[in-house]
Amino acid sequence: MLGSLRDLAPIILVIAFFQIFVLQQPPDNVASLLTGTLFVVLGLTFFIYGLEMGLFPIGESMAHAFARKGSIFWLLTFAFALGFGTTVAEPALIAISEEASEVAARAGQIAITEEAMESYADGLRYTVALSVGVAIVLGVLRILMNWSIHYMIMAGYIIVVIVTAFAPAEIIGIAYDSGGVTTSTITVPLVTALGIGLASSISGRNPMVDGFGLIAFASLLPIIFVLVYGILI
């Protein structure tokens, strides 16, 4: 709890400074704000503790198990399912998809009906989830084949620049934000643990050099996929 409070202290100090010295007015509902801050501290504490107890160990252990099994097919299938499943459940992605559908409706891009907005949000959400599944497969293949991450990332962003030139202006901002919201509370721990566990299980791979980098693919491919989604839809 002390560690969580220390991590949150800069945010609390910034808000308090601007509230007291710039706005020069007390915040509304001080009691509820303090209660909410306490809940955030408790939630962050339990979340980090849960990662250390559950998500990191299970990700690494499954990576070791698949490496011992020696089946590339099942390893890649698991990698895709892990990327897709964790992204679909990502709260940040759900939030931005719903917000994007509401803005698109108000802008006249889609019909102002619940069905149209839900369809737009689901299409965006599943497009991003599909892209992350493909991204994790690429990341796992990179570890297995010892491909250079530098050239893969550079090639990916060259594709982003090219596709951006053809994408409608309304989708570009959403696409670029989609790359960030995929790497959040659920996806990052499991994907990171998978990469480290896999690199540790393969002879000649360095977990420090080869185990990381999967998150970079999970941030890059959603941009490309959502841009293409915007062009097609």
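Among the residues making up the range 35-44, those that are among the hydrophobic types (A, V, I, L, M, F, W, C), free of Cβ contacts under 8 Å to residues at least 40 places away in the same chain and surrounded by 11 or more Cβ atoms within 10 Å (Cβ to Cβ) are L38, V40.
Screening G85 against (1) at pLDDT below 80; (2) of a type outside the set (A, V, I, L, M, F, W, C); (3) open to solvent by less than 50 Å² (accessible area, probe 1.4 Å); (4) under 19 Å from T192 (Cβ atoms) leaves a single unmet condition, (1). The listed residues are A65, A79, A111, A104, and the only one of them that is surrounded by 13 or more Cβ atoms within 10 Å (Cβ to Cβ), of a type in the set (A, V, I, L, M, F, W, C) and part of a loop (DSSP other than H, G, I, E, B) turns out to be A111. Note on the range 126-149: among residues that are among the hydroxyl-bearing types (S, T, Y) and modelled with pLDDT of 90 or more, the one that is least open to solvent (accessible area, probe 1.4 Å) is S131. Scoring D28 on the criteria (1) open to solvent by 60 Å² or more (accessible area, probe 1.4 Å); (2) at pLDDT below 80; (3) not in a loop (DSSP other than H, G, I, E, B) leaves a single failure, condition (3). Would you confirm, using the coordinates I've provided, whether E52 is part of a helix (DSSP H, G or I), open to solvent by less than 100 Å² (accessible area, probe 1.4 Å), among the acidic types (D, E) and modelled with pLDDT under 80? Here the answer is no, as E52 does not meet what is asked. Taken over the range 175-233, the criterion of being in a helix (DSSP H, G or I), surrounded by fewer than 19 Cβ atoms within 10 Å (Cβ to Cβ) and charged (D, E, K, R) is satisfied by D177 alone. For the residues E52, E60, the requirement of being within 23 Å of L2 (Cβ to Cβ) and of a type in the set (D, E) singles out E52.
The values are calculated or read from the model by the stated rules, or taken from the named source; none is laboratory data. If you're wondering where the values come from, they're calculated on a predicted model, not measured in any experiment. Every residue, glycine as well, gets a Cβ built from its backbone with ideal geometry; the counts of neighbours run over all protein chains shown. Note: accessible area is taken over every heavy atom of the protein model, side chains too, but ligands, DNA and RNA are not part of it. Shrake-Rupley method; radii C 1.70, N 1.55, O 1.52, S 1.80 Å.
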